[in-house]
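Reviewing the structure listed below.
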Amino acid sequence: MAEKEESSAAGGGREEELKKELQSVVKKIVDEENYGTEITLKAISILSDLSDTVLTKKFRCPISGEIMGDPVVLSSGLTYDRPSIQKWLNEGNLTCPQSKEVLSHTILTPNCLVRKLISSWCKGHGVAVPRSHQDTNGEMITEFDRLYFNSLVTEMFSSLTDRKEAAKELRRLTTAAPSYRAVFFEFTDPISRLIGPLLEGSVDSDPELQEDLITTFMNLLVDCDNMKLVANHPDAIPLLIKSVEFGTIETRKNAAVALSMLSSDNDRRLMIGNTGAPMPLLQLLREGHPIAMKEAASAILNQCVEYNNKEKFIELGAVKVLLEKIREGKLVDELTKLVAQLSTHPKAVNELSELDTVHCLLGIIRETESERTKENCVAILYNVCLNDVGLLKVIWTEGIEHQTLAKLVDTGTARAKRKATALATKIGKLFPTVL
């Protein structure tokens, strides 16, 4: 962390120097009538250097301070280099290093856009592109390893016993060694070969084999380059959706994780939503199994970035299911975030416009210690109540006794303060008592 702070300080100092230099040059251009070509070129050069400095800072991992080779997004929405954030998580930390937010899950989603930008920037500046597929010992996969890995995939056409042994080894290798994930698509028709056994009959006819293969599938998606190839295979997404519905709880959870990772792209979100994912994901969440519920919620959250998918989940009864789980005290932070996302849709607003729901949300704000949960709840209240005089009066009446909204205006997160202030302002215009 000390190296990172030193690197950040150096980068910040260089940026400030360039800004001051640019300010001086621009002042000359503005003040002098005949400033000439030389000073114009100097301004362009400084702007170019400043752009490089800012971009380089954005491409550096907040933990290591180094340019990221394998950028991944944490559940907080911030990007880190995989080795650095994985080490942070392996040490038992359950918060985001920068925002200090408690993580809703520890899935690391590849940030394909940042990775492409880093690669493009490095090539344009003659800088070596950071290697993103090294194993923990720093060695790349050998030709012998490739042959061995390919032989395991080929075993999917062998006897059931051989299939199961090969599937376990594929799961182990793709979990432990990034290099195996990177070379998987070098082989001929690898997806069809890998998932072939699960397409022969009922997807969960052998639950143990299904679990190992679906987990291998999930591991492969950690590599950005694999996502498009998986999504383009006609059997891949339907198989994952079936595996959310049928299989061991570990299988169903990992299939949900895989769909969540694939949902990082808007076209894929729409494809997954149109292929029938909403009902199995909502059912997995409804069942409330501790190890699967959180991953189902994360997958639904990613799916609902797409408006059409949001509508599908609402029509399937997602709002009712989520409110039931929240009232049971299950995953309140994650589920209020999901309700807040759904509450931007008119159909969800209609379902949320119940007095009990408003009182429930106000009660959660008063009782929870989670700033993120408070923020989610007031965001829901803002979307649901801002244009409903009757519900605003409920908040006003509650505020006379508890001052819930007023406290949030003073002590909430920046977003919570904005939402609470907007509500308080509207209420202040409608009713005589100030919250």
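The values are calculated or read from the model by the stated rules, or taken from the named source; none is laboratory data. This one's a predicted model, so the numbers in the text were calculated from it and none came from an experiment. Cβ placement follows ideal geometry from the backbone for every residue including glycine, while neighbour counts extend to all protein chains displayed. Ligands, DNA and RNA are excluded from the accessible area calculation, which covers all protein heavy atoms including side chains. Shrake-Rupley method; radii C 1.70, N 1.55, O 1.52, S 1.80 Å.
Figures for the structure shown
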item	result
Residue satisfying condition, being open to solvent by 10 Å² or more (accessible area, probe 1.4 Å), touching a residue at least 24 places away in the same chain (Cβ under 8 Å) and of a type outside the set (S, T, N, Q), within set Glu200, Glu186	Glu186
Test for Val384: is it in a helix (DSSP H, G or I), out of contact with any Leu (no Cβ under 8 Å at 6 or more places or on another chain) and among the hydrophobic types (A, V, I, L, M, F, W, C)	no
Any hit, the stretch 259-271, residues being at pLDDT 95 or above, in contact with a helix residue (DSSP H, G or I) (Cβ under 8 Å, 6 or more places away or on another chain) and open to solvent by less than 10 Å² (accessible area, probe 1.4 Å)	yes
Matching residues in the stretch 305-342 - criterion: being among the charged types (D, E, K, R), open to solvent by less than 40 Å² (accessible area, probe 1.4 Å) and either modelled with pLDDT under 95 or not in a helix (DSSP H, G or I) (or both)	Glu306, Asp333, Glu334
Scan of the stretch 67-101 for residues that are at pLDDT 85 or above, of a type in the set (Asp, Glu) and not in a strand (DSSP E or B), ordered by number	Glu91
Set Pro280, Pro238: member being out of contact with any helix residue (DSSP H, G or I) (no Cβ under 9 Å at 6 or more places or on another chain) and not in a loop (DSSP other than H, G, I, E, B)	Pro238
Residues of the stretch 265-318 satisfying the condition of being over 16 Å from the mean Cα position of the chain (by Cα) and among the hydroxyl-bearing types (Ser, Thr, Tyr)	Thr275, Tyr307
Of residues in the stretch 216-250 being among the β-branched types (Val, Ile, Thr) and either closer than 18 Å to Glu186 by Cα or buried (at least 24 other Cβ atoms within 10 Å of the Cβ) (or both), the one modelled with the lowest pLDDT	Val222
Flag for Glu211 being open to solvent by 60 Å² or more (accessible area, probe 1.4 Å) and of a type outside the set (Val, Ile, Thr)	no
Of residues in the stretch 64-101 being within 20 Å of Asn302 (Cα to Cα) and among the aliphatic types (A, V, I, L, M), the one most open to solvent (accessible area, probe 1.4 Å)	Leu78
Every residue from the stretch 343-379 that is among the aliphatic types (A, V, I, L, M) and either under 19 Å from Lys407 (Cα atoms) or open to solvent by less than 20 Å² (accessible area, probe 1.4 Å) (or both)	Ala348, Leu352, Val358, Leu361, Leu362, Ile364, Ile365, Val378, Ala379
Qualifying residue in the stretch 164-176 (condition: over 24 Å from Leu281 (Cα atoms), open to solvent by less than 10 Å² (accessible area, probe 1.4 Å), under 24 Å from the mean Cα position of the chain (by Cα) and in contact (Cβ under 8 Å) with a residue 40 or more places away in the chain)	yes
